[in-house]
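Encoded as structure tokens, the structure appears first; notes follow it.
Read-outs throughout are calculated quantities, based only on the coordinates presented, and are distinct from any laboratory measurement. Computed from a predicted model, the values in this text were never measured in an experiment. Neighbour counts are summed over all protein chains in view; Cβ atoms, including those assigned to glycine, are modelled from backbone coordinates with ideal geometry.
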Amino acid sequence: MSSAIRRPIRNIGILAHIDAGKTSLTERILYVSGRIRAAGDIDEGTTATDYLDVERERGITVKAAAAHLEWSGPGERLRVNLIDTPGHVDFSSEVDRSLRALDGAVLLLCGVAGVQSRTETLFRACRRRGAARLCFVNKMDRRGASFKRAFDDMARMLDPGAVAIAMPWGEGESFRGVVDLVEMRAYALCAEADPSGVGMRPPPLPVPPDILDDAARARAALVEFLASLDEGAGRGGGHSGEGGFAAELLEDFVAGRDSRPEAIRSALRAATIAGRATPTLCGSAFSEASACFLLDAVAAYLPAPDDAFMPEARDPGTGALVASLDSSFSALVFKTVSDPSLGRLSWTRIWSGAASAGEKVLDARTGRSLRISRIFRIQADRIESADRAEAGDIVALSFGGASTSAGGTGATLCDPRKPVLFEEISFDEPVVSIALEPRTRQDIARLREGAAALAEDDPSIRVREDPLTGRVELSGMGELHLEVALDRLRRDYGTQAKAGKPQVSYREVLAGEGFAREDFDRDLGGERARASISIRIRPSARAGGISLVLEGAGKMPASLAAAVRRGVEAALSVGPAACYPLGGVEAVLEEISLPGGLSSPGRTGERAAEIAATLAATKAAAAAGSIVVEPVMRLELALPEDFLGAAAAAISGRGGRIESVEEEAGGRRAIVGAAPLRRLFGFATELRSATEGRAECVARFLRYESVPATAGML
């Protein structure tokens with residue numbers, strides 16, 4: 001395993017609110033780069049990255065899809081690893097884990113709708129993960145499109161560092177092309193503007209006189225913004241370059257001189273990598289030239305792996321930060337998929353060093369050693385063999401059909417001689433569940449295997465099984481999420497099962513603290529088993545899950561600590577009030593004793609400790625008491641003003657409340673409200689009927705609240 005030299009790579013994702021045009025733009029990018037012979041069509045079900053049957057039938061993206069392409073950017077030829085992500089909120093986990101592999105993102109805005117609810121969430125996720133950003137305002141050829149409105153929304157609501165590097169030449173039905181504000185050149189994107197020049201790379205034209213003044217003002221605003229940047233502020237590489245070129249641009253601005261395009265690009269690149277600027281351009285996803293200009297911007301402004309934000313790496317043993325990864329191999333598995341012939345494939349971002357097929361790597365999370373059997377580059381639903389993967393690559397790794405949790409989603413892979421551990425990938429708690437019953441006894445195994453494979457492919461789906469009846473409960477992020485999961489179980493895994501109605505995933509939280517001591521003394525398999533354990537449980541600051549603190553336990557073997565943990569987790573898997581999952585719990589092991597001491601407990605001692613921990617934790621939970629809570633959803637609606645009253649009545653009729661109503665362009669209103677999830681089943685259908693299909697609604701998890709006594713849950 002050796003160090004990789006600096007490589008011309010861009011790792012990017014395309015992120016947007018649903019129906020903003022992500023997949024259409026991805027298709028056009030793959031086409032202009034030569035990766036596909038023709039751009040697919042969503043309505044015709046011919047797209048490359050939406051390749052699942054359920055995606056093509058519904059016209060939506062439900063799984064992140066990866067592709068790679070070559071592009072001759074400004075000054076160098078690049079490899080671009082691209083991930084097309086879902087826009088629907090139910091599949092947000094696909095976006096979150098994809099961001100763990102990316103260095104930059106293209107945030108897509110609809111030129112008609114502007115910044116939408118999901119756009120805000122995606123922007124915050126990019127900023128939280130340190131991903132540099134470009135913004136592309138799409139659908140400039142649609143009636144009602146307004147670049148100024150979309151850009152102003154971006155600058156006001158998301159990023160004051162948004163800066164236009166292009167402007168439209170006409171809008172809506174009069175859309176002709178775009179003006180490059182860096183070069184101050186116009187480009188025709190439709191035949192009406194230049195019948196002879198429209199193509200993948202139309203020739204530059206002088207800026208039309210009727211928009212020349214607007215273009216000059218926009219370019220001056222761009223130069224002024226870059227000139228005002230303080231030298232050395234922000235994060236990322238290239239700070240000195242930013243400051244040096246900013247000084248040049250400031251002199252030009254004060255003197256009233258035109259700035260060199262090279263100086264503008266250099267300052268803008270440094271500011272973008274530092275997270276201080278979001279270059280914004282515009283066009284149409286159905287235009288080859290728009291895709292070319294966007295790829296040029298990706299090459300010019302988004303970071304190479306060497307320039308990008310690096311995740312924190314820690315020593316697995318001590319938890320201390322690792323100052324430098326140097327040339328040692330390290331990588332993060334951000335997704336796993338099942339291949340019919342190759343078994344499980346681990347989608348992996350290589351962060352440092354290199355690895356080849358046949359080499360052994362360490363899964364630092366589990367401590368298991370794995371041998372890389374094969375390496376693949378990902379091209380939508382196809383894979384292409386590779387011999388080696390280096391820093392900056394996004395590849396799929398096969399470990400010879402290993403069926404254990406090693407090498408799964410969230411795993412850190414590293415050089416066994418220099419172990420490091422990256423932050424694990426977390427997933428939100430599911431809020432909706434559905435029960436599945438096998439139709440025949442033969443279907444039990446198929447349902448079990450299919451549900452397990454589905455949950456491995458999508459860890460935001462949780463699976464629970466009743467071993468006596470074979471009944472399986474799937475939990476997910478929303479009704480659409482579960483509908484797609486059921487569809488995939490039938491299609492991809494051949495599962496036949498009866499599905500119940502979606503149900504709310506209720507939870508319990510502790511009402512206070514509880515303490516219990518258990519002196520266990522019984523015969524287990526002919527051996528005397530004794531253990532004394534004292535446990536205190538209390539509400540945790542963590543949103544969910546159970547954490548165990550070995551406060552007064554002293555030193556004990558890892559196997560004994562694992563036994564105690566199993567016992568505590570078994571006891572606290574359900575709450576004392578109504579047997580719903582119990583979350584947000586901290587269990588403190590205050591005392592533990594075994595007859596022979598803790599150093600060598602043996603199997604009998606470990607078993608006794610596990611049982612005692614279960615009994616003590618159960619008593620402590622009963623002493624603390626618990627409260628049943630339910631998920632409350634944030635509702636975000638956009639609709640014409642004429643239907644405002646009908647929408648408000650629909651929300652209040654579902655036990656919801658309206659928190660704000662804001663005016664939007666074109667006589668539309670934006671409503672923000674909240675309602676309990678148990679009242680929202682079928683709400684989308686009711687809303688469509690009440691507003692004649694004119695309302696857009698997004699419901700996403702907001703928080704948990706106590707279930708009212710009038711709800712009849714207890």
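Remarks
- Mean separation of Cα pairs under 8 Å and 6 or more residues apart, divided by the residue count, gives the chain a relative contact order of 10 percent.
- Coupling constants for the stretch 667-683 follow from the phi torsions by the Karplus curve (6.51 cos²θ - 1.76 cosθ + 1.60, θ = phi - 60°), and in residue order they are x, 9, 10, 10, 10, 10, x, 8, 7, x, 4, 4, 9, 9, 5, x, 5 Hz; glycine and proline get x.
- A viscosity of 1.306 mPa s and a temperature of 10 °C, combined with the Kirkwood radius over C-alpha pairs in the Stokes-Einstein formula, give the chain a diffusion coefficient of 57 µm²/s.
- Degrees, to the nearest 10: 117-129 long Cα axis against longest axis of the chain: 80
- For the stretch 501-602, convex hull of alpha carbons as volume per residue, Å³: 138
- Residues whose placed amide H lies under 5 Å from that of Ala391, excluding near-sequence neighbours: Ala4, Gly353
- Anchor Lys418: lysines whose Cα lies under 22 Å away (excluding residues fewer than 8 positions away in-chain): Lys360
- Dipole magnitude for the chain: computed about the Cα centre from +1 point charges on Lys and Arg Cβ and -1 point charges on Asp and Glu Cβ, it is near 1760 debye.
- Selection from Met477, Ser559, Ser426 lying farthest towards where the dipole of the chain points positive, charges on Cβ: Ser559
- Placing +1 on the Cβ of every Lys and Arg and -1 on the Cβ of every Asp and Glu, with nothing else charged, gives the stretch 628-711 a dipole about its Cα centre of roughly 340 debye.
- Charge context of Arg374, other residues only, Cβ under 13 angstrom, K/R +1, D/E -1: 0
- The longest stretch of the chain left intact once loop-based GluC sites (Glu not before Pro) with at most 16 other Cβ atoms within 10 Å are removed from consideration, loops following DSSP, is 552-691.
- In Hz, Karplus ³J(HN,Hα) per residue of the stretch 169-179 (6.51, -1.76, 1.60; θ = phi - 60°; x = Gly, Pro): 9, x, 9, x, 5, 9, 5, 10, x, 9, 10
- The trypsin sites (Lys or Arg not before Pro) of the stretch 349-430 that meet both conditions, a loop assignment by DSSP and at most 16 other Cβ atoms within 10 Å of the site Cβ, are Arg417.
- Unit charges on C-beta of K, R, D, E only; dipole of the stretch 409-477, Debye: 300
- All alpha carbon pair distances within the stretch 635-681 were sorted into 10 Å bins beginning at 0; the resulting P(r) in whole percents reads 29, 55, 16, 1.
- Annotation: amide H of Lys335 within the under-5 Å range of Trp347, Gly410, sequence separation 5 or more or interchain, hydrogens built in the peptide plane.
- Relative to the longest principal axis of the Cα atoms of the chain, helix 479-493 runs at roughly 80 degrees.
- Legend: Rg and Dmax of the stretch 628-711, from Cα coordinates, 12.9, 44 Å.
- Cα gyration tensor, the stretch 341-454 - rounded (a/c under 1.5), prolate or oblate: prolate
- For Arg124, neighbours were defined as the other residues whose beta-carbon sits under 12 Å from its Cβ, and their charges (Lys and Arg +1, Asp and Glu -1) total +2.
- Residue-count net charge about Glu527 - beta-carbon cut-off 11 Å; Lys, Arg +1, Asp, Glu -1: +4
- Ratio Rg/Rh, restricted to the stretch 432-505 and using Cα atoms, in which Rh is the Kirkwood radius: 0.91
- The angle between the Cα long axis of helix 602-624 and the main principal axis of the chain comes to about 70°, on a 0 to 90 degree scale.
- For the stretch 362-373, 3J(HN,Hα) per residue [Karplus equation, 6.51 cos²θ - 1.76 cosθ + 1.60, θ = phi - 60°, Hz, x = Gly/Pro]: 9, 8, 5, 6, 9, x, 8, 8, 10, 9, 6, 7
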